[in-house]
Amino acid sequence: MNIDTAEVIVSSPDRNFVTLKLTTDDDLTGVGDGTLNGRERAVAAYLEDHVVPLLLGRDAHAIEDTWQFLYRSAYWRRGPVTMAAIAAVDVALWDLKAKAAGLPLYQLLGGASRTGIMAYGHASGRDIDELFDSIRHQLEVGFRSIRVQTSVPGIDAVYGVAMRAGSGAEPHGYEPAQRAPLPAEEDWDSSAYLRHIPSVFEAVRAEFGPELPLLHDAHHRLTPIQAARLGKDLEPYDLFWLEDCTPAENQEALRLVRHHTTTPMAIGEVFNTVWDYQTLIREQLIDYVRSAVTHTGGITATRKLLDYAAQYQIKSGIHGPTDISPVGMAAALHLDLAIHNFGIQEYMPHGALTNEVFQQSFTFQDGYLHPGDHPGLGVDIDGDAAGHFPYQPAYLPFSRLKDGTVHDW
Ligand code: KDG
Ligand code: MG
């Protein structure tokens, strides 16, 4: 089973996706996701110019060897572009191996450790009424765990709040990347946010009761002492997790946060290797690992990262916004089903056009996802349909403080 062709498909049905499709000399095909929001063409070029020529003729079964070869032979290690490109190859190889075995991928990862994968949905609102409507909608859709984001008085546009004018987002979803030649500018004020957000969770608990698992994403905007205060202020509302409370490449900062609060912490969607987590995991400074299979070198590397986390009772919380393609989502679901230390899976359903391009067999029912039992990943890309949606430049927004200083978005 040698790799015969490797095609990089950049398509933009509802948003941009980078998909790698490998075909073997015995005519099996495997797909992998290399989407990197706002930097898609960089991964496509990395794959086309530097990886595809190395793959042709290689043994498609040699997954670990190919991973080590791509990681070490580049000499320049880590980084989101490199690790997304390696992920695309790795996931396509796992898809091929599972198809060759005639088994759903999770069987090759040790088999199912659970019957379903608990997923969280996204509720947001510009005010409490709109937020409550959004939570009710997510409950009707079937979610049993909900991430809560709201506007903050005095700030015009806040991360995670749907229905930003012109964003093209579905009424209850949100899509931060905008199809425009330049990134949108948002504003930010940490003091206003810290004053407002506990009152939001107080209202949500009063309306929806103590049992509904609630999550919140601070999206890397706070200093360690601000994050400590937020975690402490949210303790009465019993969050499932507080995500990305600080820009956590300064891993030691989490020691300070941890000393002050028992609110569980989730970190890592922007990380791309186990090295970004060394202190966080070894010192048990977090509770959930947020890395996406798509951004962390694929199933091979994410499995090792989660096995390392398991030694410290740290669980998975794999990143699953719409910028993870259905291929990347399927890869996450097979891993979620197989590992012992599964925590929760983020799930933001894709739009209709995306579902035309990607045929999927994973299911969502009563709050639980399942990857299905088709051989391989259970997802394929329709090349003709993808061809109808060429790449469109799109950027994530960025933030400035009131005095004009650029802040973490
Ligand atoms: O591309 C950026 C998004 O993936 C990110 O903003 C989504 O923070 C996010 C989340 O938790 O889903
Ligand atoms: Mg996040």
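Since every read-out is calculated from the coordinates, none of them should be taken as a lab result. A quick note: this is a predicted structure, and the numbers were derived from the prediction, not measured. Cβ: placed from backbone, ideal geometry, glycine included. Neighbour counts: every protein chain shown.
Values as computed for the structure displayed
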quantity: Neighbour-count order for LEU256, LEU93, LEU369, fewest beta carbons within 10 angstrom listed first; calculated: LEU256, LEU369, LEU93
quantity: Kirkwood Rh, Cα atoms: Rg over Rh of the stretch 204-355; calculated: 0.97
quantity: Stretchable slack from TYR75 to ASP133, in nm (0.36 nm times residue separation minus alpha-carbon distance); calculated: 15.8 nm
quantity: Three-way shape call for the stretch 322-409 based on the alpha-carbon gyration tensor, with the a/c threshold at 1.5; calculated: oblate
quantity: ASP59 versus THR405: modelled label distance in nm, points set 7 Å from Cα along the beta carbon direction; calculated: 5.6
quantity: Ranked list, fewest to most other Cβ atoms within 10 Å of each Cβ, for TYR46, TYR395, TYR237; calculated: TYR395, TYR237, TYR46
quantity: Paramagnetic label zone (point 7 Å from Cα along Cα-to-C-beta, GLN365; backbone N under 17 Å) in the stretch 317-333; calculated: none
quantity: Per-peptide average of other Cβ atoms within 10 Å, ordering 132-140, 4-12 highest first; calculated: 4-12, 132-140
quantity: Radius 9 Å from Cβ of PRO321, net charge of other residues (Lys, Arg +1; Asp, Glu -1); calculated: -4
quantity: Percent of Cα-Cα distances greater than 26 Å, calculated over the stretch 1-116; calculated: 20
quantity: Least to most buried among TRP275, TRP409, TRP67, TRP76 (fewest other Cβ within 10 Å first); calculated: TRP76, TRP275, TRP409, TRP67
quantity: Amide hydrogen neighbours beyond the local backbone of ALA292, cut-off 5 Å, H modeled; calculated: HIS319
quantity: Semi-axes of the equivalent ellipsoid for the stretch 82-204, Cα gyration tensor, largest first, Å; calculated: 36, 21, 13
quantity: Pairwise label distance in nanometres, GLU185 with THR5, each label 7 Å out on the Cα-Cβ vector; calculated: 4.7
quantity: Proximal lysines to LYS99, defined as alpha-carbon separation beneath 17 angstrom and excluding residues fewer than eight positions away on the same chain; calculated: LYS21
quantity: Kirkwood Rh in Å, taken over all unlike Cα pairs in the chain; calculated: 21.5
quantity: For the stretch 251-409: relative contact order, % (alpha-carbon pairs under 8 angstrom, 6 or more apart); calculated: 15
quantity: For the chain: relative contact order, % (alpha-carbon pairs under 8 angstrom, 6 or more apart); calculated: 22
quantity: Evaluated over the stretch 175-273, the Cα radius of gyration and Dmax, each in Å; calculated: 14.7, 45
quantity: Cβ-Cβ FRET estimate between ALA385 and HIS259, R0 fixed at 60 Å, reported to 0.05; calculated: 0.70
quantity: Charge context of THR23, other residues only, Cβ under 11 angstrom, K/R +1, D/E -1; calculated: -4
quantity: Karplus-derived HN-Hα couplings along the stretch 81-91 (A = 6.51, B = -1.76, C = 1.60, θ = phi - 60°), whole Hz, x at Gly and Pro; calculated: 5, 4, 6, 5, 5, 5, 4, 4, 5, 4, 5
quantity: Local electrostatic count, SER399, Cβ distance below 9 Å [Lys/Arg +1, Asp/Glu -1]; calculated: -2
